[in-house]
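The values are calculated or read from the model by the stated rules, or taken from the named source; none is laboratory data. This one's a predicted model, so the numbers in the text were calculated from it and none came from an experiment. When we count neighbours, we look across all protein chains shown, and the Cβ atoms used for this are built from the backbone with ideal geometry, even at glycine. Areas reflect the complete protein model, heavy atoms only, side chains present, ligands, DNA and RNA absent. Shrake-Rupley method; radii C 1.70, N 1.55, O 1.52, S 1.80 Å.
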Amino acid sequence: MKITTRRYPSEIGEIVTYKIVNSKGASVVLSSLGAGILEVNVPNKMGRIENVALGYANPADYLDDGPCMGKIPGRYANRIGAGKFSLDGKEYTLAVNNGPNHLHGGPTGFQNRLWNSCIIPDGVRFEYTSADGEEGYPGELKVTAEYRWTDRNKLKLTLTAVSTKDTIINLTNHCYWNLRGADAGNIFDHKLRINAWRWLPTDESLLPTGEIAPVEGTPMDFRKLKPIGRNVRANFPALVYGKGYDNCWVLDSEEAVVLKETVSGRKLTVRTDQPAVQVYTGNWLVGSPVNHSGHRYLDYDGVAIEAQNFPDAPNKSHFPSPVLKAGEKYSRFISFEFSTGS
């Protein structure tokens with residue numbers, strides 16, 4: 001495995017990027033800003049290697065971008081209602097930065113921080129220490145994100161953390177995928193399968209209501225492969241609220257999601273030990289920074305597949321607990337496996 005580094009200036013300091021190339025010439029590019037994925041270059045059915053991860057031309061443009069492109073949001077990915085939660089008898093107040101809710105750990109979160117980084121066998125380790133009280137969260141939290149790339153075109157992300165106090169945590173990766181090519185247009189013809197028979201209905205602000213509902217008979221049913229665009233504009237509350245899919249499914253297996261694209265022949269399989277996956281069809285990508293083709297993305301040009309805990313779990317006791325006890329270890333993995341054919 002060949003790993004090379006580059007450095008770029010930004011207003012918060014030097015960004016370090018890492019390119020990892022496997023024996024077949026397929027590669028990933030990672031960034032110390034938000035411990036993010038900048039590129040994933042994999043072959044199509046004809047063997048042509050292309051980038052399938054949406055991204056910007058300038059690594060510094062990932063700072064404070066609306067889409068959270070490719071990065072690791074935290075301390076709590078997704079939404080917390082009204083920016084409030086209680087833990088150990090104490091109420092905590094967080095920034096309200098997405099309508100009436102707290103989103104992705106706050107205005108800065110983990111995604112807009114420079115992480116310490118180093119090369120490890122077949123990959124890169126990123127580390128960030130979140131101070132006690134940062135963004136309103138309790139406990140000093142030490143977070144590690146390890147990416148490893150294989151000769152079989154598998155990118156595995158392992159997320160671990162330890163806190164000095166009881167806290168809450170929900171970590172994921174927020175990469176957007178387009179298997180036809182990162183700058184190839186909308187993803188409506190991509191076929192998606194989600195191994196889930198239940199999903200989480202939301203209110204108009206996209207906050208879960210607390211109901212866990214069956215997908216059967218609704219546009220939320222992806223138990224068999226179907227085009228993302230088939231129902232994306234359906235007159236169904238969830239799709240009206242989000243202007244497309246921006247919803248959470250309760251996973252039934254470690255093989256969480258399969259995404260396929262016919263023209264390229266590429267297939268992405270996402271595996272995880274997380275309890276849920278948020279699928280977001282890039283409904284608000286307009287206005288993002290210039291990409292590698294020299295233009296800006298349009299809405300629906302990529303789909304984010306965010307393996308994670310349930311949104312607003314700190315306020316809903318019947319959801320999987322997001323509490324990390326002081327001194328205990330948080331550990332989760334997400335793998336993105338790229339192939340061609342059936």
Response to the item:
One quarter of the C-alpha convex hull surface, i.e. the mean projected area of the range 76-137 in nm², amounts to 5.3
Worksheet item: Which residue, Ile37, Ile120, Ile169, has the most motion in a Gaussian network model of the chain that connects Cα atoms within less than 10 Å?
Response: Ile120
Item to complete: With a Förster radius of 30 Å, plug the Cβ-Cβ distance of Met1 and Ser331 into 1/(1 + (r/R0)^6) and report the FRET value to the nearest 0.05.
Response: 0.80
Discussion item. Largest first and in whole Å, what are the equivalent-ellipsoid semi-axes of the chain based on the Cα gyration tensor, each being the root of 5 times an eigenvalue?
Written reply: 28, 25, 18
Item to complete: Would you calculate a helix-derived [θ] at 222 nm for the chain, using -39,500 (n - 2.57) for each DSSP H run of n ≥ 4 and dividing by the full residue count, to the nearest 500?
Response: -500 deg cm²/dmol
Worksheet item: How much accessible area does Asp65 have with a 1.4 Å probe, in Å² rounded to the nearest 10?
Response: 20
Worksheet, complete the sentence: For the range 1-147, the convex hull over Cα atoms projects on average to an area in nm² of 10.2
Worksheet, complete the sentence: The FRET efficiency for Phe236 and His318, from their Cβ-Cβ distance with R0 = 22 Å and rounded to 0.05, is 0.35
Discussion item. Tell me whether the range 36-107 comes out rounded, prolate or oblate; compute the Cα gyration tensor, take square roots of the eigenvalues as a ≥ b ≥ c, and use a/c under 1.5 as the rounded threshold.
Written reply: prolate
Worksheet entry | Simple spin-label estimate for Lys45 and Ser339 in nanometres, 7 Å along Cα-Cβ | 1.5
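Ignoring ligands, DNA and RNA, what percent of the accessible area of the range 1-147 is carbon or sulfur (1.4 Å)?
45
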Practice prompt. Over the chain, give the accessible area per residue in Å² for a 1.4 Å probe, as an integer.
Written response: 39
Response to the item:
Checking Thr150, Thr167, Thr218 against a Gaussian network model of the chain (alpha-carbon springs below 10 Å), the top fluctuating residue turns out to be Thr218
Fill in: Largest to smallest accessible area among Ile119, Ile305 [probe 1.4 Å]
Ile119, Ile305
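Rounded to the nearest percent, how much of the accessible area of the range 193-342 (1.4 Å probe, protein heavy atoms only) is carbon and sulfur?
Details: 3040 of 6150 Å².
C and S atoms contribute 49 percent here.
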Worksheet entry | Sorted largest first, extent of the range 124-226 alpha carbons per principal axis (Å) | 45, 42, 23
Worksheet item: Remind me, relative contact order of the chain in percent, using alpha carbon pairs under 8 angstrom and six or more residues apart?
Response: 19
Worksheet item: Using the beta-carbon distance between Asp132 and Lys24 and R0 = 35 Å, what value does 1/(1 + (r/R0)^6) give for FRET efficiency, to the nearest 0.05?
Response: 0.20
Practice prompt. Give me the accessible area of Met69, 1.4 Å probe, in Å² rounded to the nearest 10.
Written response: 0
Fill in: Simple label model, 7 Å out from Cα along Cβ direction - Glu211 to Glu254, nm
3.4
Item to complete: Take the eigenvalues of the Cα gyration tensor for the range 239-342, scale each by 5, and report the square roots as semi-axes in whole Å, largest first.
Response: 28, 19, 14
Worksheet entry | Solvent-accessible area of Val290 with every protein chain in place, 1.4 Å probe, in Å² to the nearest 10 | 50
